[in-house]
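Scroll down for the structure; my scribbles are underneath it.
The values are calculated or read from the model by the stated rules, or taken from the named source; none is laboratory data. All figures in this text were calculated on a predicted structure; none of them were measured in a lab. Cβ: placed from backbone, ideal geometry, glycine included. Neighbour counts: every protein chain shown. When the accessible area is computed, the model is the full protein with side chains, heavy atoms only, and any ligands, DNA or RNA have been set aside. Shrake-Rupley method; radii C 1.70, N 1.55, O 1.52, S 1.80 Å.
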Amino acid sequence: MALPFLPGNSFNRNLGKEKFHKSQHFGYSNEVAMVIGEDKPGIGGERLLGQKLKPKFSVFPKGMGSDAPSWVAFDKQVLSFEAYFEEDVPQSRQESYRIRCCKIYFYLEDDTVQVVEPPLKNSGIPQGTIIRRHRIPLPSPNDDQFYTVDDFNINKDVVFYSRTFRIVNCDEFTKNFLRKLGIRLNPPGSIPDDPYSTVRKKMEENMQPLRPYERTDTLKQFLEHDREVLRFFCFWDDTPSPFGDCRDLILHYFLADDTVEIVEVIPANAGREMIPVFLHRGKLPKHGHTKVYKPGEITARTVLNVFGPMGHGGRYILDNLKTGAVHQDFYKDCDLVIGAAINVWGRTIILCDCDEFTKNYYRTKYGIETFTPVQYKAPPPPGVEKKIPPYNGFGSEEDSLCSCMGLLPKPPQRDFKKFMEKDRYGLESNVLRFVAKLVTNNPIDEDRKFIVSYFLCDDTISVFEPPQRNSGVLGGKFLERCRIKKPGQELFKSELSEYFKADDLFVGARVTFNGHNLILVDADEYVFNYMEKNVNEFPMADINAIISKLRSITEPRSREIKEQFAARDPQNTNEMAYETFRNLLVDISNKQLTEHEIMTLGRHYSVREMQEADLSFLLGMAQEQLKKKAFENFSRLTDAFKYNDREKNSKISFQETKTICKAFKIPLADDLLRVIIQKHKENNGQINYLELVSGLNWRENPIPAQQKTPIKYDAEWSGGEAANSVKRVNFLLLLNDLFGLRE
């Protein structure tokens, strides 16, 4: 409680004060003398007697509430009030004023106000945002101040730009917020009724019939059958009219709303305008009318005008008895069947056929199973077979055939996709090379050997004869690269000739190239690998098919065949040489297996010997990788090895060597580094690190590039023995696959 203003009861307010200047209240703004500091404090920063500062924003007093700025403390916090205002309507005789409800939103972060009027159906008034969001000034004479949160309460009038809004209520958040600020809320009010809205509501209620009436609900049908359309193929015979003909039509029946659409199928060069719509979408009456009704003449409901015009106190009701209504019978889905004739505004259209969805629909709903199409067109006359003249011998057969296809001859198109897929790419040659010999009784030609190359990109074949010393034959190119026809075909004919394909060439095949009989006796390793990867194209390399074929031949003689294999293996090693294995398979199969199939079996059951990697080759690969990664810390690597060499004999253990290499982050794969380290292991199990570092040092000890080539592709292969040729075969695995594990 304040002390009375008596001598001895007042305090010296100048104690501790350092500023005694008086703030300036007058100045110039845009060269105009005016009051510019009316909200500034008085002498020493304190207010003068009777001076009141005008708050700019709704903020908590100092020392109360949060110290955060308002745009942080009140972010996304809005006070919502329900209000209304009364608007005069002088230009209408039916109403003198109207009550308009609205929402007042007060944004606490910046004291902005927004007034929104909820839209009312059929009001005819632009509704929505009445006052956009901004700070609204107080009414005069305090128009230099703005509305704050203290100016709002329930059952209170607020004036926004000379329009008075009556606040009647607010939401729960607003009530709690105002109570925390210490504002005592008034009891909520009510919005008065709008006289004109009340009259309109009673008029709409009186327009409804007193007794129940039928209701047409099409929403269920729309939701169940939306995007479902029945399609019928039909025709219209217009031959009785001058210059008329038969028209092909397609009828669409939309199940969602029972509407019909007809489009016309206009053939090319028909001489008619390209207007495919024969009938626009709509309900199709069964009996076409000559009279065309005006818009609004036929309606779904009949309206009875009781008295007076609408809008001036008139009244109307809906006719429940439908007096004077025009009833029309429209086509439904049950009326559309194959063979039926429908009336489309005086035109008779015959339904001839339908699509599969339509058949399923009628089969499910109506149980119809017969959908025999109606033949309304005469069968077309048999087409004249186009006879292609025989090949005349000029150019290729494809080139001559293209000259018969049009007036402007075009060159034959090659299979570009096959060419791109099967063309040579890197070390993948896509060339199948076989060793062939002549089938002849001439002793000079019996020893001649040929290399047959089949190019998969364009199915061409070239034959080369390697030169042999003292053979009497020069050798060289025997057949130019080209496609070769199969023998026994007529030369001049209309059809294209058959050429040798890739599946016609295999070891043991007999082929005839331009009158020369050849037998393929061997192939390179690439041929066997390629055929085994593409067994669907080369059945001679399909191991499963070969085993099934051999099983069907040898099943009755399984015990005898096992004894024959055991007799040729006296040491019980379950292995034998390939030549012995090959001769035995020829005997037990009665020569029904081809040489390629026997070689496929030998490759599949061969005894594979593990080949040790060459150290120089491994070091060459390692130096290439180190050179790419620019690794040159070989001197420091040697110093680290010497530091860990306690016995000073240039040898350390395998684990220490691997740890040091890992510590230096040598950019090599773990498997490659491990194998190289093991290659430098000596008899005592230790690693000679000096030789290891010297082999990895690509600066001082580079390895020639020819030793670093991982694969050597022999383009001039002369038919010699392949590097991966089969030496020995494990026949026990073959017997197990043929006859099982029985003794």
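Laid out as a table, the results:
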{"item": "Subset of segment 517-528 (residues that are open to solvent by 40 Å² or more (accessible area, probe 1.4 Å) and more than 12 Å from Val507 (Cβ to Cβ))", "result": "Asn517, Tyr526"}
{"item": "Total residues in segment 451-463, condition surrounded by 18 or more Cβ atoms within 10 Å (Cβ to Cβ), closer than 17 Å to Met531 by Cα and either among the hydrophobic types (A, V, I, L, M, F, W, C) or under 39 Å from the mean Cα position of the chain (by Cα) (or both)", "result": "3"}
{"item": "Test: residue in segment 189-196 that is without any contact (Cβ under 8 Å) to a residue 40 or more places away in the chain and either among the polar types (S, T, N, Q) or farther than 30 Å from Leu304 by Cβ (or both)", "result": "yes"}
{"item": "Residues (of a type in the set (Lys, Arg), modelled with pLDDT of 85 or more and assigned to a loop (DSSP other than H, G, I, E, B)) located in segment 120-137", "result": "Arg135"}
{"item": "Subset of segment 156-176 (residues that are open to solvent by 40 Å² or more (accessible area, probe 1.4 Å) and in contact with a Leu (Cβ under 9 Å, 6 or more places away or on another chain))", "result": "Val159, Asp171, Phe173, Lys175"}
{"item": "Filter pass, Ile461 being touching a residue at least 40 places away in the same chain (Cβ under 8 Å) and in contact with a Cys (Cβ under 6 Å, 6 or more places away or on another chain)", "result": "no"}
{"item": "Subset of segment 669-723 that is of a type in the set (S, T, N, Q) and modelled with pLDDT under 80 - its residue that is most open to solvent (accessible area, probe 1.4 Å)", "result": "Asn683"}
{"item": "Index of the failed condition, Ser650 passing every other in (1) open to solvent by less than 50 Å² (accessible area, probe 1.4 Å); (2) at negative phi", "result": "(2)"}
{"item": "Cβ-Cβ under 9 Å pairs, at least 6 apart or on other chains, segment 336-350 side free of Cβ contacts under 8 Å to residues at least 40 places away in the same chain and within 15 Å of Asp238 (Cβ to Cβ), far side in a strand (DSSP E or B) and among the β-branched types (Val, Ile, Thr)", "result": "Ala341/Thr348; Ala341/Ile349; Ala341/Ile350"}
{"item": "Any hit, segment 181-202, residues being modelled with pLDDT under 85, more than 30 Å from Lys156 (Cα to Cα) and open to solvent by 100 Å² or more (accessible area, probe 1.4 Å)", "result": "yes"}
{"item": "Evaluation of Ile484 against (1) crowded, with 18+ Cβ neighbours inside 10 Å; (2) more than 30 Å from Lys386 (Cβ to Cβ) (one fails), failing number", "result": "(2)"}
{"item": "Lone qualifier among Met531, Met576, Met540 - being in contact with a His (Cβ under 6 Å, 6 or more places away or on another chain) and either crowded, with 18+ Cβ neighbours inside 10 Å or not in a helix (DSSP H, G or I) (or both)", "result": "Met540"}
{"item": "Qualifying residue in segment 369-377 (condition: within 30 Å of Thr239 (Cβ to Cβ), basic (Lys, Arg) and touching a residue at least 12 places away in the same chain (Cβ under 8 Å))", "result": "yes"}
{"item": "Enumeration of residues in segment 549-573 that are in a helix (DSSP H, G or I) and surrounded by 12 or more Cβ atoms within 10 Å (Cβ to Cβ)", "result": "Lys549, Leu550, Arg551, Ile553, Thr554, Arg557, Ser558, Ile561, Lys562, Gln564, Phe565, Ala566"}
{"item": "Top-ranked residue in segment 579-603 [being open to solvent by 40 Å² or more (accessible area, probe 1.4 Å) and not hydroxyl-bearing (Ser, Thr, Tyr); ranked as nearest to Arg728 (Cα to Cα)]", "result": "Glu579"}
{"item": "Single condition His289 does not satisfy, out of (1) more than 30 Å from Asn206 (Cβ to Cβ); (2) modelled with pLDDT of 70 or more; (3) not acidic (Asp, Glu)", "result": "(2)"}
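Condition check ((1) of a type in the set (Asp, Glu); (2) within 16 Å of Asp522 (Cβ to Cβ); (3) at pLDDT 90 or above) across all residues:
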| site | (1), (2), (3) |
| --- | --- |
| Gly426 | no, no, no |
| Val431 | no, yes, yes |
| Val435 | no, yes, yes |
| Phe450 | no, yes, yes |
| Tyr454 | no, yes, yes |
| Asp459 | yes, no, yes |
